[in-house]
Amino acid sequence: MTMPFYVPPEQVMKDRADYARKGIARGRSLIAMSAVDGIVLVAENPSRTLYKISEIYDHIAFAGVGKYNEFEMLRIAGVRQADVKGYSFAREDVNARSLANAYAQTLGQVFTHELKPYEVEILVAQVGATADDDELFQILYDGVVNDKEGYTVLGGQAGLGHAPRERPVHRPGIDEAIAEASRQCGRHRALAGARRAVDGDDQFF
């Protein structure tokens with residue numbers, strides 16, 4: 001009788017995390033920055049028809065980096081959940097925190113129980129009544145939720161610790177935020193190097 005092949009659980013988790021991070025690193029960085037009059041999301045998008053930034057609900061935005069079909073599936077699920085909750089209760093009951101928690105549960109479940117984790121990193125952002133009320137929730141491939149204050153970078157080499165995660169010293173206006181986020185996005189793209197080819201049928205954004 002042959003013995004079953006055994007792999008320590010910590011090694012399985014490490015291999016899945018490494019796999020997911022490598023996939024996310026193939027995508028292009030996205031920068032989110034809270035400004036005086038709203039939230040600015042800036043990203044390089046190689047496609048004219050596929051989008052990595054969209055609106056989920058009133059004043060709530062979704063952004064994803066990594067494998068397109070996976071974060072697009074998450075976006076659609078978020079839109080459906082927001083619509084059902086807003087219809088069943090009230091539109092004010094739909095918020096970024098509850099959507100981020102739902103995404104965290106989904107990603108955590110897939111990471112723990114499925115053979116292949118999602119190669120995605122997503123952001124749920126909600127514009128508040130004032131700049132101090134803005135909310136940025138970054139959800140990682142394993143379901144970990146990070147509550148960011150005013151600034152965050154997703155995807156690319158940022159997830160591997162190669163790109164700086166600088167925060168502006170003050171809350172800028174919209175124009176200044178767009179200029180600063182574009183500058184940072186250019187820096188992250190330069191840090192990522194020239195290797196941007198995607199082979200096979202995979203699409204990473």
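Rule-based calculations on the coordinates, nothing more; no lab input. Just so it is clear, the structure is predicted and the values come from calculations on it, not from any experiment. Cβ placement follows ideal geometry from the backbone for every residue including glycine, while neighbour counts extend to all protein chains displayed.
Counting only Cα atoms, I'd like the Rg/Rh figure for the stretch 9-192, Kirkwood definition for Rh.
Dividing the radius of gyration by the Kirkwood radius yields 0.96.
Calculate one ³J(HN,Hα) per residue across the stretch 5-11 by plugging θ = phi - 60° into the Karplus curve 6.51 cos²θ - 1.76 cosθ + 1.60, and present them in order as whole Hz with x for glycine and proline.
Calculated HN-Hα couplings, in order: 5, 10, 10, x, x, 5, 6 Hz.
Against the empirical 2.2 N^0.38 Å scaling, what ratio does the C-alpha Rg of the stretch 62-165 come to?
That ratio works out to 1.09.
Ranked highest first by average number of other Cβ atoms within 10 Å, how do 22-31, 141-150 line up?
The packing order, highest mean first, is 22-31, 141-150.
Based on alpha-carbon centroids, what's the gap between the stretch 14-46 and the stretch 54-94 in Å, whole number please?
17
Could you line up ASP175, ASP37, ASP134 from fewest to most neighbouring Cβ atoms inside 10 Å?
Listed from fewest to most nearby Cβ atoms, that is ASP175, ASP37, ASP134.
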